[in-house]
Amino acid sequence: MATGRGFYRSLVGKKIVMGVTGLIWVGFVVGHAAGNLLVFRGPEALNSYSHFLKSTGELLWIVRAVLVVALVLHVIAAVQVTRQSRAARPVGYAKQEHQAATFASRTMRWGGALLLVFIVLHILHFTTGTVRPAGSFSTTDVYANMVTSFRIWWVAFFYVTSMAALGFHLFHGAWSSVRSIGVSPVSADPLKKKVSLGLALFLWLAFTAIPVAIFAGLIG
Amino acid sequence: MNLTLHVWRQAGPDAPGKMVRYEANDISPDMSFLEMLDVVNERLTAEGETPIAFDHDCREGICGACGLMINGIAHGPEKGTATCQLHMRSFSDGAAIYIEPWRARAFPVIRDLAVDRSSLDRIIQAGGFITAATGGSQDANAILVPKENVDDAMDSAACIGCGACAAACPNASASLFTAAKITHLGLLPQGQPERYRRALSMVGRMDLEGFGSCTLHGECQEACPKEISIDTITRMNRDFLRASVTGGRE
Ligand code: HEM
Ligand code: FES
């Protein structure tokens with residue numbers, strides 16, 4: 001019956017996969033934001049946190065593997081549902097007025113594409129040190145890597161822009177994912193997104209504060 | 001009141017179509033939108049032109065036959081209202097009104113504003129029913145149903161199958177339509193035996209018909225003349241997920 005491939009072959013199955021994988025990333029991103037905020041407590045706090053993460057060995061690799069698999073599934077499903085949805089309306093309207101769709105919901109695709117570019121560059125920048133906008137890179141001094149990078153205006157700008165995209169993606173996504181998976185409770189006003197607004201604001205503020213504070217010379 | 005209409009005209013399923021401009025003069029604000037089109041059609045007929053084709057039947061908001069994209073909004077500017085129940089007082093004198101058919105691969109144009117919505121019928125045929133035993137009807141109170149379930153089932157059963165949800169959806173997804181039926185039957189005792197098989201086959205049929213994927217924009221809920229909630233989509237996905245795990249058997 002519709003187990004396995006049959007499940008994934010349907011659009012609802014694909015959306016459930018997107019919801020689950022998206023939520024896995026939401027969990028990671030929340031933890032990541034909280035950890036990064038340690039930069040405001042100085043080099044010691046941030047560097048020892050980073051050292052602790054790297055000391056977890058296998059666990060770190062398991063988490064990384066889960067995140068990579070989740071991202072790959074999320075992106076593949078995103079491309080597939082987008083293509084099917086485009087094909088579902090070969091002739092468009094001369095006029096269409098949105099009644100409920102938000103800026104966030106309408107930019108899931110382009111915003112998601114920007115996030116993919118960001119994730120790749122971000123890993124090459126801070127994790128592997130392959131891309132070095134500031135010229136130098138230290139495997140032990142994460143604090144210095146942050147400060148030297150975010151003093152460069154276009155690096156700070158790229159991060160600030162990408163984090164705005166993350167905020168929008170999750171304002172819609174954190175709300176829609178629980179509905180796609182079918183675990184959201186019945187609601188008198190389903191379009192209200194209070195929890196996801198709070199989550200998106202927290203993540204956006206936390207991730208934006210770091211490059212902005214460093215660029216403005218408030219820390220470092 | 002006097003209006004300028006921009007109407008999609010298309011001679012047949014494979015003919016090319018285009019927006020054509022018409023003047024609708026001396027329209028009473030108490031007319032329904034369809035009566036306004038009737039007036040225009042009478043004039044077109046008198047002038048020897050082919051009248052504008054559009055679907056309609058009950059004209060009292062209960063059959064689901066009518067359905068037009070009016071100024072970019074499915075069923076027009078009035079919330080919770082089918083096209084036949086929309087009145088011209090909702091427009092201002094001198095207004096320009098764009099009238100288009102539902103647009104979706106699964107709703108091919110038959111002529112002008114009339115589209116073929118049999119894709120929705122096939123979704124219902126895939127499982128939107130209960131296989132009831134025939135015979136004398138049971139005593140009404142023999143099967144007890146919790147009040148909340150009755151309310152939610154009735155709200156979902158209000159679907160008239162007009163297709164505005166798929167027409168308004170930026171992805172041309174028929175999720176609200178399919179979910180309304182799955183919710184209606186899934187909340188009632190009579191719907192239980194086939195509940196999970198129903199979710200699998202109706203969702204499968206919806207894809208086969210060429211509808212798009214749900215992004216939960218919420219456009220369908222706003223367009224629905226019966227104001228059916230997108231909570232039904234959450235229920236549909238939940239039933240589908242569970243059915244996928246159990247293979248449709250409980
Ligand atoms: C930090 C990384 C990311 C997180 C936390 C995330 C999270 C989410 C969540 C929670 C959803 C809602 C899923 C649902 O409604 O069921 C979602 C939807 C979506 N995501 Fe992501 N995502 C991320 C990256 C990406 C990337 C890299 C792409 C594309 C390349 C992408 C494309 C999409 C699209 C297109 C949707 C909407 C699908 C639809 O409903 O039509 N996302 N995302
Ligand atoms: S004509 Fe029956 S609902 Fe509009």
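FYI, it's all coordinate maths here, none of it is from the lab. Nothing here was measured: the structure is a model prediction, and the numbers come from that model. Cβ atoms come from the backbone with ideal geometry, glycine included; neighbour counts cover every protein chain shown.
General remarks:
- In order along segment B:24-34, the Karplus-derived 3J(HN,Hα) couplings, from 6.51 cos²θ - 1.76 cosθ + 1.60 at θ = phi - 60°, round to 10, 10, 6, 8, 7, x, 8, 6, 7, 4, 5 Hz, and Gly and Pro are given as x.
- Residues with amide H under 5 Å from that of B:ILE73, placed H, sequence gap 5 or more: A:GLU97
- Segment A:101-112 - phi-based ³J(HN,Hα) in whole Hz, Karplus 6.51/-1.76/1.60, Gly and Pro as x: 4, 9, 4, 4, 5, 7, 10, 4, 6, 5, x, x
- Around the amide H of B:TRP102, modelled in the peptide plane, lie the amide H atoms of B:MET69, all under 5 Å away and 5 or more residues distant in sequence or on another chain.
- Point-to-point label distance, A:HIS122-B:ASP30, nm (Cα→Cβ direction, 7 Å offset): 6.3 nm
- Relative to the current alpha-carbon distance between B:LYS147 and B:VAL245, full extension at 0.36 nm per residue lengthens the span by 32.3 nm.
- Net length gained if the chain between A:GLU44 and A:LYS95 were fully extended (0.36 nm per residue, minus Cα distance): 12.6 nm
- Comparing Cα centroids, segment A:16-47 and segment B:135-200 end up 41 angstrom apart.
- Burial order of peptide ranges B:10-20, B:195-205, B:28-38 (average beta-carbon count within 10 Å, highest first): B:195-205, B:28-38, B:10-20
- Sequence-distant lysines (8 or more away, or on other chains) whose Cα lies within less than 25 Å of B:LYS18: A:LYS95
- Ranking A:ASN36, A:ALA87, B:PHE129 by how far each Cα lies toward the positive end of the dipole of the protein assembly as shown (charges on Cβ) leaves A:ASN36 at the top.
- With each label modelled as a point 7 angstrom along the Cα→C-beta vector, the A:ALA188-A:TRP110 pair spans 3.7 nm.
- Contact order normalised by residue count of chain B, Cα under 8 Å, 6+ apart, percent: 19 percent
- Gaussian network model of chain B, springs between alpha carbon atoms under 10 Å - residue of B:LEU176, B:LEU44, B:LEU187 with greatest fluctuation: B:LEU44
- Shielding of peptide A:8-19 by partners, expressed as the average count of other chain Cβ atoms within 10 Å per residue Cβ, is 6.
- Packing, taken as the mean count of other beta carbons within 10 Å per residue, orders the peptides B:140-147, B:88-95, B:214-221, A:88-95 from highest to lowest as B:214-221, A:88-95, B:88-95, B:140-147.
- Nearest 10 degrees, 0 to 90: helix B:175-186 Cα axis against chain B principal axis: 40 degrees
- Highest mean packing comes first when the peptides A:97-106, A:56-65, B:61-70 are listed by Cβ atoms within 10 Å, giving B:61-70, A:97-106, A:56-65.
- Residues of type aspartates and glutamates that A:LYS15 reaches as a straight line, Cα spacing below 15 Å, ignoring anything fewer than 8 places off in the same chain: B:ASP207, B:ASP239
- With a cut-off of 16 Å on the backbone N, the residues of segment A:111-153 near the modelled label site 7 Å out from A:VAL72 along Cα-Cβ are A:120.
- Virtual spin-label span in nm between B:THR50 and A:SER138, 7 Å along Cα→Cβ: 7.8 nm
- Inter-chain Cβ neighbour count for B:92-101, averaged per residue, equals 2 (cutoff 10 Å, partner chain atoms only).
- Per residue, chain B reaches -10000 deg cm²/dmol at 222 nm when only DSSP H runs of four or more residues are counted, each adding -39500 (n - 2.57).
- Straight-line reach from A:LYS54: taking Cα to Cα under 20 Å and skipping same-chain neighbours fewer than 8 places apart, the aspartates and glutamates in range are A:GLU44, A:ASP141.
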